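Note sheet for the following structure.
The values are calculated or read from the model by the stated rules, or taken from the named source; none is laboratory data. Note that this is a predicted model, so its numbers are computed, not measured. Here Cβ is always computed from backbone atoms with ideal geometry, including for glycine, and neighbour counts include all displayed protein chains. These accessible areas exclude ligands, DNA and RNA; they are computed on the full protein's heavy atoms, side chains included. Shrake-Rupley method; radii C 1.70, N 1.55, O 1.52, S 1.80 Å.
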Amino acid sequence: MTTAQRNRAIKAILEKEYGKGKVWVRGSRGTAYGWVHVYVDTEISSALWSSERQKINKLLDDAKVEIGTYGYDDPGSDYGYGSKINITFNK
């Protein structure tokens, strides 16, 4: 799956959950290539952000959309470890 196909798949999956026109998906370019930024236009309290992010990650995992990772899974790693997805909710 190419990056463009992955981004289209993410948008389609999340629009089913949040509604058409409520989701924007942008891929990074240059040295940040492979990162994906997801913007969801929904009103949620800051206390629920964590659970909504988990819900989005579960939806993407269930659909087998692969999001890359950065860093090394090593406690001594200088860069940390995590997924290459940034999720932002608009208040």
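Cα centroid distance between segment 54-69 and segment 16-41, in Å? The two parts, judged by their Cα centres, are 13 Å apart. What is the list of residues in segment 38-74 whose amide nitrogen lies under 19 Å from a point 7 angstrom out from the Cα of residue 3, following Cα to Cβ? From segment 38-74, the list is 38-39, 65-71. With the highest mean first, a sort of the peptides 41-47, 25-31 on other beta-carbon atoms found within 10 angstrom per residue produces 25-31, 41-47.
Ranking of 60, 48 by solvent-accessible surface, largest first: 48, 60 (1.4 Å probe, protein heavy atoms only, all chains present).
In this label model, residue 29 and residue 49 are separated by 2.8 nm, measuring between points 7 Å along each Cα→Cβ vector.
Per-atom-type breakdown for the chain gives carbon and sulfur 48% of the accessible area (1.4 Å probe, protein chains only).
Of the listed values (1) 23, 17, 12; (2) 23, 13, 11; (3) 37, 15, 10, grab the one calculated as semi-axes √(5λ) of the Cα gyration tensor in Å from the structure here. Only one option fits the structure, namely (1). Helix 49-62 and the long axis of the chain differ in direction by around 80°, with both axes built from C-alpha atoms. Averaging the sequence gap over all C-alpha pairs within less than 8 Å and six or more residues apart, then dividing by the number of residues, gives the chain a relative contact order of 30 percent. The residue among 82, 54, 18 whose Cα reaches farthest toward the positive pole of the charge dipole of the chain, with charges on the beta-carbon of Lys, Arg, Asp and Glu, is 18. Sorted largest first by accessible area at a 1.4 angstrom probe radius, with every protein chain in place, the residues 58, 84 fall in the order 58, 84. Computed about its Cα centre, the charge dipole of the chain is approximately 460 debye, with only Lys, Arg, Asp and Glu carrying charge at their Cβ. With both partners inside the chain, how many of the DSSP beta bridges are antiparallel, as a percent to the nearest 5? Around 60 percent antiparallel, to the nearest 5. With the simple model of a label 7 Å out from the Cα in the direction of the Cβ, residue 81 to residue 16 spans 3.1 nm.
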